[in-house]
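As structure tokens, the structure follows; a few thoughts come after it.
The values are calculated or read from the model by the stated rules, or taken from the named source; none is laboratory data. Being a predicted model, the structure only gives us computed values, none of them experimental. When we count neighbours, we look across all protein chains shown, and the Cβ atoms used for this are built from the backbone with ideal geometry, even at glycine. Surface areas here come from the heavy atoms of the whole protein model, side chains and all, with no ligands, DNA or RNA. Shrake-Rupley method; radii C 1.70, N 1.55, O 1.52, S 1.80 Å.
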Amino acid sequence: MRKAFPDHWSFLLGEIALYALVVLVLTGSFLTLFFDPSMKSGPYLGSYAPLRGLTVSQAYASTLHISFDVRGGLLIRQVHHWAALIFVAAIGVHLLRVFFTGAFRRPREVNWMVGVTLFLLALLEGFAGYSLPDDLLSGTGMRTANTIVMSLPVVGTYLSDLLWGGPFPGQVILPRLYIVHVLFVPGLLLGLVVVHLMLVLYLKHTQWATPGRTNRNAVGQPMVPHFAAKSAGLSLMVAAVTVWLGATAQINPVWSYGPYRGDQAVVDSQPDWYVGFLEGALRLMPPWENEVAGHTLMWNVLVPAVLLPGLLFLVLYAYPFFEEWVTGDPREHHLCDRPRDRPTRTALGVAAIVFYAVLLMAGGNDVTALVFHVSVEALTWILRVALVVGPLLAYAVTARVCLALQARERRLVRTGTETGQVGQNVYGAIHEGHRPLDSARLRRALVRDVPRPLGSPGGRVARRARIRSSLSRWYYRDRVDMPTTSAQRERIDEVFREPAEDRERR
């Protein structure tokens, strides 16, 4: 109950995800009372007159029933959908905060992997829920999913037949997705959230290197009553914003799309933003196919929809161990890095964001071409070039900006801040007035822990050692060292001293 929680705003991102999950569980429990995932077809006899008499599935009819006949049903549906978007967004931004501040380092590698798994499960849960209404928009997404499964070499057709229960659209996929959506994935999500919170309690939060905070303590407000009161207020704010969005901002109007039919498609068929990058990757990939041993390899689907996300999550899982190997630093880290102090890591993160943004834009290239009256083919080629050039340019610019910010801080440490006054000495020379940095800004500039690049291995050494040395130089060669006295250096080293060193001294 006396656990110290940091009071910086960036640590609330994970809590927003947690409380969005609570809203999802509550609204989802309500919706399960009325939703029927059956794919059996029959005439629609509900209250929405434009579709009355049309042949629809039970899943689609029950979605319309919730929207128009159940009191408060449409509000709960929309709150549930908005909460799902907030949940995924909060997890994504929380992961970015952890990445850019280095909070994934030892001893928190396992918690980072738990967070990445939560993000992956949130994507799966969102796609499953998005597909359940069996409207024309979600059915188009299901057709894409079926194509992705069938693109798997050798096993794709068998796996598709197993999941869909026969040729697309099948008769069993929605009931199976419903069980996945309301039972399996929520159970895993809740279990991993508990594990995540237990690890946070055991390992403590990271914290910024402000006065009084070191690598060996945890400073903040106690859980009870301070943090509990703040957290309760935040939970009510998240719920209020989500309900306000559900009440005022229409989302997923299934009655406008109509029921799914295999011979129809929605022109404006973009999925929710969190899987929009897959849609963009499919649209940008050239139509490459070839046959090997009687099997058709659909590279135009396999690469963007299977290999690309697989590689993405493999990199996310492995990155903490990769950076520790490159750094050669096995110490515990409980203080956050400022992004500017790690220019290579920050530049890689920004490049990844730009890569994702280009793919997300490509997911709506047809709508963009229609609105701006440009050729879809021309826009596709522009985005293909941007997918390669954009991340490289973002990396170069971000790295230089980080180094420029460091250089500016170095100058301020040396000369201080300008006072706005101009003086003149006895020889007539004009000079600007400066005053030393205040203690808080001086500490923020000086207290940082940037590793030195590993030295070049001499003589005949293994290729792995040479690669490690080259990567280390790439990571930490470009740097701006701050002017410090020996006394300041000792105090900085004391801030970053490991907890294990305290135990050894005792």
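Express in whole angstrom the spacing between the alpha-carbon centres of segment 420-491 and segment 231-263.
Taking the Cα centre of each part, segment 420-491 and segment 231-263 sit 49 Å apart.
Segment 159-189 to segment 291-324: how many Å between their Cα centroids?
23
Taking the Cα atoms of segment 381-506, report the difference between the largest and smallest coordinate on each principal axis, in whole Å and largest first.
The principal-axis extents, from largest down, are 64, 63, 30 Å.
Positive end of the charge dipole of the chain (Lys, Arg +1 and Asp, Glu -1 on Cβ, about the Cα centre): tell me which of Pro153, Thr101, Gln270 has its Cα farthest that way.
Thr101
Taking the Cα centre of segment 392-480 as origin, sum charge times position over the Cβ atoms of Lys and Arg (+1) and Asp and Glu (-1), and report the length of that vector in debye to the nearest 20.
Computed about the Cα centre, the dipole is about 820 debye.
Could you state the angle between the C-alpha long axis of helix 136-150 and the longest principal axis of the C-alpha atoms of the chain, as a value from 0 to 90 degrees rounded to the nearest 10?
70
How much length would be gained if the chain were fully extended between Leu312 and Leu203, taking 0.36 nm per residue of separation minus their Cα-Cα distance, in nm to one decimal? Could you put the intermediate results ahead of the total?
Details: separation 109, 0.36 × 109 = 39.24 nm, distance 2.70 nm.
That works out to 36.5 nm of additional length.
Which shape class, rounded, prolate or oblate, goes with segment 272-406 when its Cα gyration tensor gives a ≥ b ≥ c as root eigenvalues, a/c under 1.5 marks rounded, and past that a/b bigger than b/c marks prolate?
Numbers: a/c = 2.80, a/b = 1.52, b/c = 1.84.
Oblate shape, in that a/c is at least 1.5 and b/c is the bigger or equal ratio.
Want the number for Thr417 to Arg473: 0.36 nm per residue separation, take away the alpha-carbon distance, what's left?
Between Thr417 and Arg473, full extension yields an extra 16.9 nm.
Which value, in Å³ per residue, describes the convex hull spanned by the Cα atoms of segment 185-314?
Details: hull volume 34.1 nm³, N = 130.
Considering the Cα atoms of segment 185-314, their hull volume per residue is 262 Å³.
For segment 278-432, what does the relative contact order come out to in percent, with C-alpha contacts under 8 Å and a separation of six or more?
Worked out over segment 278-432, it gives 26 percent.
Quick one: accessible area per residue over segment 79-151, 1.4 Å probe, rounded to a whole number of Å²?
Normalised by residue count, the accessible surface of segment 79-151 is 28 Å².
Can you give the Rg and Dmax of segment 9-71 based on its C-alpha atoms, in angstrom?
Both quantities, over Cα of segment 9-71: 16.8, 53 Å.
Which shape class applies to segment 17-162: rounded if a/c is under 1.5, otherwise prolate when a/b exceeds b/c and oblate if not, where a ≥ b ≥ c are the square roots of the Cα gyration tensor eigenvalues?
Since a/c reaches 1.5 but b/c is at least a/b, the shape of segment 17-162 is classed as oblate.
With Kirkwood radius over Cα pairs in Å in mind, check [x] 27.2; [y] 23.2; [z] 26.5 and report the label derived from this structure.
The value matching this structure is [z].
With a 1.4 Å probe and all protein chains left in place, how much accessible area per residue does segment 393-506 have, in Å²?
About 70 Å² of surface per residue is accessible.
In whole percent, and with a 1.4 Å probe on the protein chains, what portion of the accessible area of the chain is carbon and sulfur? Write down the numbers at each step before the final one.
Working: 17560 of 26600 Å².
Roughly 66 percent, rounded to a whole number.
State the Kirkwood hydrodynamic radius of segment 221-283 in Å, one decimal place, computed from all pairs of distinct Cα atoms.
15.8
Enumerate the whole-percent occupancy of each 10 Å bin, from 0 to the last occupied one, for all C-alpha pair distances of segment 387-453.
The percentages, shortest bin first, are 17, 30, 26, 18, 8, 1.
How many Å³ per residue does the convex hull of the Cα positions in segment 289-368 occupy?
Per residue, the Cα convex hull of segment 289-368 comes to 150 Å³.
Determine the dipole magnitude for the chain: charges of +1 sit on the beta-carbon of Lys and Arg, -1 on that of Asp and Glu, nothing else is charged, the reference point is the Cα centre, and the result goes in debye to the nearest 20.
Details: 49 positive and 37 negative charges, 448 e Å.
About 2160 debye.
Please determine, in degrees from 0 to 90 and to the nearest 10, the orientation of helix 273-284 with respect to the longest principal axis defined by the Cα atoms of the chain, where the helix direction is its Cα long axis.
Rounded to the nearest ten degrees, it is 80.
Would you mind giving the average projected area, over all directions, of the Cα convex hull of segment 330-437 in nm² with one decimal?
Values: hull surface 53.1 nm².
Mean orientational projected area (segment 330-437, Cα hull): 13.3 nm².
Between 0 and 90 degrees, rounded to the nearest ten: what's the tilt of helix 109-131 against the longest Cα principal axis of the chain?
So the helix axis and the longest Cα principal axis differ by about 30 degrees.
Please give every one of the lysines within straight-line cross-link reach of Lys3, meaning a C-alpha to C-alpha distance under 22 Å, and leave out same-chain neighbours fewer than 8 residues apart.
Excluding near neighbours in sequence, the set is Lys204, Lys230.
Highest first, please rank the peptides 299-305, 127-133 by the mean number of other Cβ atoms sitting within 10 Å of their residues.
Averaged packing, sorted descending, gives the order 127-133, 299-305.
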